[in-house]
1. Would you please name the residue that is farthest from Asn172 (Cα to Cα), looking only at residues in region 112-152 that are out of contact with any strand residue (DSSP E or B) (no Cβ under 6 Å at 6 or more places or on another chain) and open to solvent by less than 30 Å² (accessible area, probe 1.4 Å)?
2. Out of Lys83, Lys78, Lys51, Lys69, report the one residue that is of a type outside the set (S, T, N, Q) and under 30 Å from Leu325 (Cβ atoms).
3. It is to be established whether one or more residues within region 281-290 are closer than 18 Å to Pro173 by Cβ and among the hydrophobic types (A, V, I, L, M, F, W, C).
4. Can you run down the residue pairs with Cβ atoms below 6 Å, 6 or more apart or on separate chains, where the first is in region 349-378 and without any contact (Cβ under 8 Å) to a residue 60 or more places away in the chain and the partner is open to solvent by 10 Å² or more (accessible area, probe 1.4 Å) and of a type in the set (D, E, K, R)?
5. Could you list, in sequence order, all residues of region 299-328 that are open to solvent by 10 Å² or more (accessible area, probe 1.4 Å) and closer than 30 Å to Gln243 by Cβ?
6. Identify the single condition in (1) assigned to a helix (DSSP H, G or I); (2) within 16 Å of the ligand (Cβ to nearest atom); (3) closer than 24 Å to Gln225 by Cβ; (4) open to solvent by 40 Å² or more (accessible area, probe 1.4 Å) that Met20 does not satisfy, given that it satisfies every other one.
7. Would it be correct to say that Ser105 is open to solvent by less than 40 Å² (accessible area, probe 1.4 Å), among the polar types (S, T, N, Q) and over 20 Å from the mean Cα position of the chain (by Cα)?
8. Does region 218-240 include one or more residues that are within 15 Å of the ligand (Cβ to nearest atom), of a type in the set (Ser, Thr, Tyr) and within 27 Å of Asp328 (Cα to Cα)?
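The values are calculated or read from the model by the stated rules, or taken from the named source; none is laboratory data. All values derive from a computational prediction rather than experimental measurement. Every residue, glycine as well, gets a Cβ built from its backbone with ideal geometry; the counts of neighbours run over all protein chains shown. Ligands, DNA and RNA are excluded from the accessible area calculation, which covers all protein heavy atoms including side chains. Shrake-Rupley method; radii C 1.70, N 1.55, O 1.52, S 1.80 Å.
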Amino acid sequence: MERFDEVISRRGTRSVKWDMAEDLYQDKDVLPMWVADMDFKTPEAVTNALKERVEHGIFGYTLPDQLVKNEITNWLEKRHQWKVDPEWITYSPGVIPSLHMIVQSLTDIGDHILIQTPVYPPFYSVVKDHGRHIVKNPLIMKGEYYEIDFEDFERKIKENHVTMFILCNPHNPVGRVWTKDELEELATICLKHGVKIVADEIHADLIYSNQKHVPIANLSEQVNQHTITCLSPTKTFNLAGLQASYLVIANKEDKTKVDKQFKNQGMMMLNTLGLTALETSYKYGESWLEELNKVLENHRDYVMERFHNETSSIRVIPAEGTYLLWLDCRKLHMEQKELKSFMQKQAKVGLNDGASFGEEGKGFMRLNIAAPKSILEDGVSRIINAVQSL
Ligand SMILES: Cc1ncc(COP(=O)(O)O)c(C=O)c1O
């Protein structure tokens, strides 16, 4: 576990989380705990493969071969019991670009697309930027957890003639790992009303004990034909800067349309080093991932315990997966602007603004726990001390 305790400075590496934070917060002393990447080194086997590739010294045009596809299909089968035909795979530099391509190629201007809020902010822009309309199916908080309002889901689909649903599983920011039953209910409604499912499963590998990620496309052949899944090793192995991801599209007609959209935008190749990272992380990274998930779970428990024991003003929503914790700060009774300013200026931590995830995120902030324990302890203490001094 020691490898996850090492504090490595990321300043001066053009890191969005660390270097941009200074501009954003205008304060060097704010501890960045926002953007969803990790302050951990990627598995050594991946770094070694990258070094070897760099040593070669020639970085001409590169194409993925069967070896890369084999690692992807092996990974999905081994980790998620999902047998994927290599023919269903399309490469993409990232899940966000994929979402843009999907919306543009599989819906029309003026179409209605449903999302479950609060949700990862780009879910709004990938719809709105292309002249499509957002339909919201807000998640509801029941006790400690968020749940899906299925009645509202179906009603909104019918009322708005929704043609596409973008699912976030596991869900960022509320941390739910949707169960098979929940996914079956969603899929049944989508099939009944001819709604295409887009599953953003980028957090699929970051799952805590007693939880199981179920790829929605793997529920049945019918659902598979109706679903486009976006996946990537970049969250799992901390490779976001290398930009290598992929889609799984079993429906031939849909795949042709999405592929054409990528081609029309001139996006036909991946970064050479990204391909090496994609192949080798899946090939060699499994035991590293098992360790990582234990560390993250320990971090989640630590944060929950500290807030629970030391303040009643902030409640941590218990995440079932992802390394993002959703903090319910409503008991601080602050306007969102005041809450943001409080975290930044008093607590001196850089968190994501809950309201950026939608109206339903007001009164919340998002905390990234994928950092060495000493940094996490510092961040949590800063928040608790600031709350206690109010
Ligand atoms: C749900 C979700 N989708 C997509 C992304 C970003 O994907 P990419 O970096 O591959 O564009 C993130 C990153 O935080 C995310 O949380």
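1. The residue in question is Asp152.
2. Just one listed residue meets the conditions, Lys78.
3. Among the residues of region 281-290, not one is closer than 18 Å to Pro173 by Cβ and among the hydrophobic types (A, V, I, L, M, F, W, C), which makes the answer no.
4. So the pair list comes out as Asp353/Lys340; Ala355/Lys362; Gly363/Arg330.
5. Within region 299-328, Arg300, Glu320 qualify.
6. Against the list (1) assigned to a helix (DSSP H, G or I); (2) within 16 Å of the ligand (Cβ to nearest atom); (3) closer than 24 Å to Gln225 by Cβ; (4) open to solvent by 40 Å² or more (accessible area, probe 1.4 Å), Met20 comes up short only on (3).
7. Working: open to solvent by less than 40 Å² (accessible area, probe 1.4 Å): yes; among the polar types (S, T, N, Q): yes; over 20 Å from the mean Cα position of the chain (by Cα): yes.
Spelling it out, Ser105 is indeed open to solvent by less than 40 Å² (accessible area, probe 1.4 Å), among the polar types (S, T, N, Q) and over 20 Å from the mean Cα position of the chain (by Cα).
8. Yes, region 218-240 has at least one match.
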